[in-house]
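All remarks here apply to the structure that follows.
The values are calculated or read from the model by the stated rules, or taken from the named source; none is laboratory data. The structure presented is a predicted model; accordingly, all values stated were derived computationally and were not measured. Note that we place each Cβ from the backbone using ideal geometry, even for glycine, and neighbour counts take in every protein chain shown.
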Amino acid sequence: MPHPNFISGMSAHRSWEITQVNELLKQMEQFEGLFVCATNLMDRLNPAVLRRFDWEIQFGYFKPDQAEKLFTRVLADLQGYTRPQRYAESVKVRLLQLSMLTPGDFATVVRQARALGTSYDAEQLLNALEADARRRRAGGNR
């Protein structure tokens, strides 16, 4: 598989890079199965690549009510409950102030909790999401 920058066409200057891109495009065109790709660099894809996809589906960030629903569900799962658990209104207020949350953000925090063998309460779960958001901001855009 060619390096992602090659697909953009922006850095495919060497003959072997161009050959790889052309081969990828040919394989995409001839493939008869279900081909699914994901990227957060949609604006960098070459139009020739985009033409080979039947659909482009964009997933945005959570709306506040979606973030709250997943927070409640993840919290219950982390604590070993089957029903949503209640938490302080101050946690809800801070949660709703977090922008740009995705399912992947919650998945990262859940993996961290499981790796540590811990069961987060609402405050700890929110702290972990906020810390993850701070790291992302410090590292630039997604």
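Would you tally the residues in the range 49-67 being surrounded by 15 or more Cβ atoms within 10 Å (Cβ to Cβ) and not in a loop (DSSP other than H, G, I, E, B)?
So the answer is 2.
Step by step: first the residues of the range 79-126, then only those that are farther than 21 Å from Lys63 by Cβ and of a type in the set (Asp, Glu), then the one that is modelled with the highest pLDDT. Which residue is that?
Residue satisfying both the conditions and the ranking: Glu123.
Could you grab me the full set of residues in the range 37-71 that are in contact (Cβ under 8 Å) with a residue 24 or more places away in the chain and small (Gly, Ala, Ser)?
Selection gives Ala48, Ala67.
Among all residue pairs at least 6 apart or on different chains, which show Cβ distances below 6 Å where the first residue, located in the range 105-133, is closer than 13 Å to Ala76 by Cα and the second is loosely packed, with under 15 Cβ neighbours inside 10 Å?
That search, which allows pairs on different chains as well, returns Ser119/Gln79.
Does the range 29-42 contain at least one residue that is surrounded by fewer than 10 Cβ atoms within 10 Å (Cβ to Cβ), in the same structural domain as Leu126 (by TED's automatic domain parsing) and of a type outside the set (Val, Ile, Thr)?
Within the range 29-42, not a single residue is surrounded by fewer than 10 Cβ atoms within 10 Å (Cβ to Cβ), in the same structural domain as Leu126 (by TED's automatic domain parsing) and of a type outside the set (Val, Ile, Thr).
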